[in-house]
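The values are calculated or read from the model by the stated rules, or taken from the named source; none is laboratory data. As the structure is a prediction and not an experimental result, all values here were calculated from the model. Accessible surface is based on the protein model in full, side chains and every heavy atom, while ligands, DNA and RNA are left aside. Shrake-Rupley method; radii C 1.70, N 1.55, O 1.52, S 1.80 Å.
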Amino acid sequence: MAKADIDYIQFSYGYTRSNGQGYQSKQLHISQAVVVLKNNERYTIKPNTIATYLLYLCIYFDYPVSYKYGLTDGGDSVVFILLRAMSMGGNFVMIGLYLYWLGAGYLKSII
């Protein structure tokens, strides 16, 4: 694909946090790159270790670059929040069932 055929290259990025001894660091993580051609064809590149080199080369050779903030692997924050809420809701259901089981067993032993 020629440089003239590329409309833009979109990099999806997020931040990863790591806890050290008494400090917390926040590092940039590029999860994927999407090459969009002028005829609206899209090619997804999921670079693991070459992401920063690819971004550097795109900037160095003056390719049109755009950035999109997202969670790891380009996910939306709404989907992430929904998944977290569903997992927490499942825990509450299991705790409720356990407490109901304890209560029903306790009531049977009294009666």
*Put VAL93, VAL35, VAL65 in order of accessible area, largest first, 1.4 Å probe: what do you get?*
VAL93, VAL65, VAL35
*Roughly how much of ARG84 is accessible, in Å² to the nearest 10, using a 1.4 Å probe?*
130
*Given a 1.4 Å probe and the protein chains all in place, what does the accessible area of LEU102 round to, in Å² to the nearest 10?*
80
*With every protein chain present, what accessible area does ILE6 have (1.4 Å probe, heavy atoms only), rounded to the nearest 10 Å²?*
20
